[in-house]
Amino acid sequence: MKKSNILLLSVFLIVAVMLSACGSGGDSESSSEENEQKSNQASLDKGIEKVLTSLQELKDSIETSPDDTEKINSKGKSLSENWEPVEKKVEERNPDAYENIEESLYPLISEAQKEKPDTNKVTKLIEETTKKLNQFKDKISSS
């Protein structure tokens, strides 16, 4: 009698553990999905901040050393390198915003890396690109 009670209790515990494990599967899956979305959002935010910082550094270089072509070229290259990791994420998130940003960003990168960059043109493109990136950043932060 005692053995049958222990056996019955063991079976009951095993079934209870199995049922509780089955019931929580959907929650952890959606929770994992939410965590991944939050991680992607954080990664995108961080990447955009890096690009904005690069834009500011390029602007500062032009203001303090407009004749230092090597420094301007270097900051233009850095801008390009910082854009590359977030480019696809921006395009996936909002293709129209991506296209809008690149209308000023690519000419900016190109001009900043020329042998004799036109600093007035670079400054104008920095302002346009910064405005567009900030608008995109605000849009994704509110969604």
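Derivation of every value follows stated rules applied to the coordinates shown; laboratory data play no part. Remember, it's a predicted structure, so these values are computed and weren't measured experimentally. Note: ideal-geometry Cβ built from the backbone for every residue, glycine included; neighbour counts use all protein chains shown.
Convert each backbone phi in segment 114-125 into a coupling constant with the Karplus relation 6.51 cos²θ - 1.76 cosθ + 1.60 (shift: θ = phi - 60°), then list the ³J(HN,Hα) values in order as whole Hz, x for Gly and Pro.
6, 4, 10, x, 7, 5, 5, 5, 4, 4, 4, 5
Along segment 76-93, what does the Karplus equation 6.51 cos²θ - 1.76 cosθ + 1.60 (θ = phi - 60°) give for ³J(HN,Hα), rounded to whole Hz, x for Gly and Pro?
3J(HN,Hα) across segment 76-93, in whole Hz: x, 5, 4, 4, 4, 5, 6, 6, 3, x, 9, 3, 5, 5, 5, 4, 5, 5.
Per residue of segment 41-51, in order, report the coupling 6.51 cos²θ - 1.76 cosθ + 1.60 (Karplus, θ = phi - 60°) as ³J(HN,Hα) in whole Hz, putting x for Gly and Pro.
Residue by residue, segment 41-51 yields 4, 5, 5, 5, 4, 5, x, 5, 4, 4, 5 Hz.
With label points built 7 Å along Cα→Cβ from the Cα atoms of LYS114 and GLU91, find their separation and express it in nm.
About 2.6 nm separates the two model spin labels.
Please give the length that would be gained between GLN135 and GLU103 if that part of the chain were fully extended, namely 0.36 nm times their separation in residues minus their C-alpha to C-alpha distance (nm, one decimal). Intermediate results must be reported in sequence, preceding the final value.
Values: separation 32, 0.36 × 32 = 11.52 nm, distance 1.46 nm.
Stretched out fully, the GLN135 to GLU103 stretch lengthens by 10.1 nm.
Starting from the Cα-Cα distance between LYS121 and THR69, subtract it from 0.36 nm times their residue separation and give me the gain in nm to one decimal. Don't jump to the answer; show the numbers that get you there.
Numbers: separation 52, 0.36 × 52 = 18.72 nm, distance 1.42 nm.
My answer for the length gained is 17.3 nm.
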